[in-house]
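Report on the following structure.
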Amino acid sequence: MSHRNAPLTPTGRLRLARCVVDEGWPLRRAAERFQVSHTTAARWAGRYRQLGPAGMLDRSSRPHHSPRQTPTPVEQQVVRLRREHRIGPVRLAARCGIAASTAHRILLRHGLPALATLDRAIGEPVRRYERARPGELVHIDVKKLGRIPDGGGHKVLGRAAGRATAWFAAHGITIERVLTDNAWAYTKNTWRQTCHDLGISPRWTKPWRPQTNGKVERFHRTLLDEWAYHRPYTSDRERQAAFPDWLDWYNYHRPHTGIGGQPPASRATNLSGQHT
């Protein structure tokens, strides 16, 4: 494709060059005939003599040398972190000490598409949304992790669960609705009665459609990648001890691309302490 400001197409350039080289037209006459400058006519005639018709095509405007381009080791680090942790430009920039726009350009150069374009689990377009206020809809699910015996290992199953309404209430957040899957525990009267007693409206995902509860599913993946399996722990106790610091970082410091690079605490009234 010709440059948008180019006075001639490749076909026009070839006609001009042939007039000068093959038919012996003076450069000025050819320049007037094709309504270009004398230097432009000379350039295309020279390329035709050197390269023939192939020389009439556009050349890349990319410079031969880019002294300000990101150093190769940094680019390699960006690509490696992207492939290992599946994180986007904002978090790559924070880890590599570069601008998010630079990380984005590096990903483009290496043919790595934006994570936000697809749901990596099902290959369908991502449908994002954000409720108007905290607590309007809380996504709930249970994640089981293998318990680590002293010395390492992953054969014994561990589990953790708990009620969060009191914690939210202490931070000025009222839970209005909850969204769960159709697991046995969420379809019994005990769950329905508990929600009724707390003034919460229960909702359920469509059967066999875990992406409906995608927010909590995405949190679980982050939980596994950045805490549970982020490094080799020697015991379950060591992994549990690392959880509070990770959770504090996740809530108050970790940039989330879904909310403009802000941490979750920025969405809750005074949760981050900005009004105290």
request  = Within region 218-257, count every residue that is without any contact (Cβ under 8 Å) to a residue 12 or more places away in the chain and among the small types (Gly, Ala, Ser).
outcome  = 1
inquiry  = Go through (1) part of a helix (DSSP H, G or I); (2) more than 21 Å from residue 94 (Cα to Cα); (3) among the hydroxyl-bearing types (Ser, Thr, Tyr) for residue 250 and report which single condition fails.
reply    = (2)
task = Give the number of residues within region 190-240 that are touching a helix residue (DSSP H, G or I) at 6+ places or on another chain (Cβ under 9 Å), of a type in the set (Asp, Glu) and either loosely packed, with under 15 Cβ neighbours inside 10 Å or over 19 Å from residue 163 (Cα atoms) (or both).
result = 2
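Quick note: the coordinates plus some simple rules give every number you see, no bench work behind them. Fair warning: this is a prediction, and the values are worked out from it, not measured in the lab. Backbone-built Cβ (ideal geometry, glycine too); neighbour counts: all protein chains shown.
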